[in-house]
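This report refers to the structure that appears directly beneath it.
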Amino acid sequence: MASNPLAEGIEAIVFRTVGDQVSLWESMLPGELLVLPAELARVDALLDDEAFFAPFFDPRIGRPSTPMEAYLRLMFLKFRYRLGYESLCREVSDSYTWRRFCRIPLEGTVPHPTTLMKLTTRCGSAAVHGLNEALLAKAAEAKLLRTTRVRVDTTVLPANVSYPTDSGLLAKAVRRIAAKARRIQAAGGATRTRLRDRSRTAVKLAYQVASKLRSRAVLGKDEAQAAVRRVTGELAGLAEKAAHDADQLLAKAKVALRRARAKAKRLKESGQHDAAAGRRRGRLVRAIDDLSELLTATRKIALQTRQRLVGKTPDGATRRVSLHDPHARPIRKGRLGKPVEFGYKAQVADNDDGIVLDHDVALGNPPDAPRPAPAIQRVTKRAKRAPRTVTADRGYSDAGVEDQLREMGVRNVVIPRTGKTSKARQAHERRHSSRREVKWRTGCEGRVSTLKRNYGWQRTGIDTLHGAKTWAGYGILTHNLVKIGALAA
C-alpha cells in the first residue's frame, strides 16, 4: 500500500500533554481560544504549585488515580459557578476553555461525576484544610495577607434537610424501613422473613396532621390541636412497631451474612472465587448497616415525639432533625424570616481585602465568646504577626475575650458590651475610632452573604459534620482563590 505523506506527518507530530502544551487539534484552533479568561488565568497560575498536591497524598495508598491538578480545577469551577457534579462534567466536556483550564486535552476524558463525589468524600476535610493552609501560606509569602484589621462573625451553615416536623420524620422513617428491608432481601438476607409495609398507613396519618394544621376554624382550634396530638402519638407507635419488626429481620439478615462469609472463606481455602457472590455480599453489608442506623434514628425521633406530647421540649444539643444527617441540629439565631435554622454553626474571620483568614464549623449551637481567641491565634501563626485590631458583634461580648486577645498582641479590641455598662466603658465605645471599627465590622455580614449566595454556603451538599467541614472548606478555597488572584494581578 502506498504511503500517505499527510498521514505520516500527522503521526510524526507528538501529542503534548496538559499544562501549557497543546495537542494537534488545539494547534488548529484560533489563537483567541488558547487564552484563558482573566479570572481563570489568575487562578490557574495560583494552583500551578506542587504545594497543592501534598494534602492528597496518603502514605498507605499514595495519590488517587485522577490527576489532582484536574480535580482541583474541577472543584473550583463547581463552587465558583454553583454547579452540580453532573452539570459540571457536562459543561467541562463541552467547553474548550474549561477543558484547557482543567488541564484536560480535547481527546481526553472528563472524570465521571461519581468519581468526583468519591474523591471529595474520601479526601475529606483534612485535605481541604491543607489546601486552604497552602493557599494562605502562598499569599503570606507574596505579602498579600494583610492582618491590620480582622473582623469575626458567625452564621448558620444549613444542612441538606427539609424543615423537620415530628409527623413528617416519623412517616419518612416508616417508609424507609420498608425500603431498606426490601434491599436486604434483594441482597439475599432474611429472604423468608415477611415484614409488613406500613407506609400507606403512615402517609395517611401524616396527611391527617397536615389537614388539621391547615384548618382555619377558630372555634375548633383546641379540638384540632388535640387531634394533632392524638394522630402524632399514633404515628410514633406505628414507627416503633415498624422498628420492632425490622429488628427481627435484621437479626436474621446478620445470620445470613455470617453464613455467606463462612462460605466465601471455604471457597478461598479451596482456591475458588465467586465474584457475583462477593458483590451480593457487599450489598448485603451496606443494607444491614443502613438499616441499623435508620432504626437508631427512628427510635430517637419517636422518643422526642413522646416527650413533646407530654409537654417537654427535647434538648436542642442532642435533638435529631434528620434521618440521613445525624449531626444536624436546630440553631436559633434570631433572624426574622428564619428564627430557627437546622445545620451547623460556622465562624468566619476576614480582613480589609475580603480574604477569609480563618473559618471553622462546629456542631450544634456553641456560644460565640470562646471562639475568636483560637481563630486569632491561627491567623497570627499564618501571618507571622498578630492583628492590630480585632472587632466582632455583641455576641462575643465578654471581658475574658478581650483579655485573651490582648495577651496575644492585639492592640485594639472593639467588641460592644451587652447590658448596662459603666460611664468609662460608654465613653470608650463612643470614641471615633471605636465607632469606625464597629461600622467596618458590619461588612462581615456582606462577606457571609457572598459566601452563601456565590460559594455554596447556602446549604451543605455532604452529610455529617465531617462533610459540612469539607463542603465549607471548598467554598472558602474558591473564594480566596478569586480574591488572592485579583490582588496578585
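Structure notes:
- For the stretch 340-359 and the stretch 140-213, distance of Cα centres in Å: 26
- The accessible surface of the stretch 197-273, taken with every protein chain in place and a 1.4 Å probe, is 52 percent carbon and sulfur.
- Using a probe of 1.4 angstrom and keeping all protein chains present, the accessible surface of the stretch 255-387 works out to 54 square angstrom per residue.
- Per-residue extension of 0.36 nm, minus the Cα-Cα distance of Arg196 and Glu429, leaves a gain of 77.2 nm for this segment.
- Of the whole protein surface, Lys241 contributes about 120 Å² of accessible area at a 1.4 Å probe radius.
- Sequence-distant residues sharing a close amide H with Phe342 (under 5 Å, placed H): Ala159, Ile331
- With distances taken between every two different alpha-carbon atoms, the stretch 382-453 has a Kirkwood hydrodynamic radius of 13.4 Å.
- Among His129, His428, the sequence by solvent-accessible area, most first, with a 1.4 Å probe is His129, His428.
- Lys265 sits with roughly 130 Å² accessible to a 1.4 Å probe, with DNA, RNA and ligands left out of the calculation.
- With both labels modelled 7 Å from their Cα along Cα-to-Cβ, the Lys143 to Gln272 distance reads 7.4 nm.
- Packing, taken as the mean count of other beta carbons within 10 Å per residue, orders the peptides 201-213, 371-383 from highest to lowest as 371-383, 201-213.
- Considering only alpha-carbon pairs that sit under 8 angstrom and 6 or more positions apart, the relative contact order computed for the stretch 124-202 is 25 percent.
- More than 15 Å apart - percent of Cα-Cα pairs taken over the stretch 149-190: 66
- Protein heavy-atom surface of the stretch 323-421, 1.4 angstrom probe: 49% of the accessible area is carbon and sulfur, with nucleic acids and ligands not counted.
- Structure-based [θ]222 nm, the chain - -39500 (n - 2.57) summed over DSSP H runs of at least 4, per residue, nearest 500: -19000 deg cm²/dmol
- Computed from phi, the 3J(HN,Hα) profile of the stretch 279-290 under the Karplus parametrisation 6.51, -1.76, 1.60 (θ = phi - 60°) reads 5, 5, 5, x, 5, 5, 4, 5, 5, 5, 4, 5 Hz, with x in place of Gly and Pro.
- For Leu357, the residues whose amide H sits under 5 Å from its own are Ala349, Asp350, Asn351, ignoring neighbours fewer than 5 places away on the same chain, with H placed 1.01 Å from N.
- With θ taken as phi - 60° and the Karplus curve 6.51 cos²θ - 1.76 cosθ + 1.60 applied, the whole-hertz 3J(HN,Hα) list for the stretch 306-313 is 4, 5, 5, 5, 9, x, 9, 9 Hz, x standing for glycine and proline.
- Solvent-accessible area per residue, Å², over the stretch 389-437 with all protein chains present [probe radius 1.4 Å]: 62
- log10 of Debye I(q)/I(0), alpha-carbon scatterers only, for the stretch 143-269 at 0.12, 0.22 Å⁻¹: -0.66, -1.17
- Accessible-area composition of the stretch 42-176, carbon plus sulfur, in percent [1.4 Å probe]: 51
- Whole-Hz ³J(HN,Hα) from phi, Karplus 6.51 cos²θ - 1.76 cosθ + 1.60, for the stretch 138-148, glycine and proline x: 5, 5, 5, 5, 8, 6, 10, 9, 7, 10, 4
- For the chain, the relative contact order is 21 percent, taking Cα pairs closer than 8 Å that sit 6 or more residues apart in sequence and dividing their mean separation by the residue count.
- For the chain, the alpha carbon convex hull comes to 247 Å³ per residue, rounded to a whole number.
- Label-point gap, in nm, between Arg279 and Lys439 - each point 7 angstrom along Cα→Cβ: 6.7
- By average C-beta atoms within 10 angstrom, highest first, the peptides 312-319, 407-414, 460-467: 460-467, 407-414, 312-319
- Å² of accessible area per residue within the stretch 124-174, as computed with a 1.4 Å probe and no ligands counted: 35
The values are calculated or read from the model by the stated rules, or taken from the named source; none is laboratory data. Everything numeric in this text was worked out from a predicted model, so none of it was measured. Every residue, glycine among them, receives a Cβ derived from its backbone with ideal geometry; neighbour counts consider all protein chains shown. Accessible surface areas use protein heavy atoms only, side chains included; no ligands, DNA or RNA. Shrake-Rupley method; radii C 1.70, N 1.55, O 1.52, S 1.80 Å.
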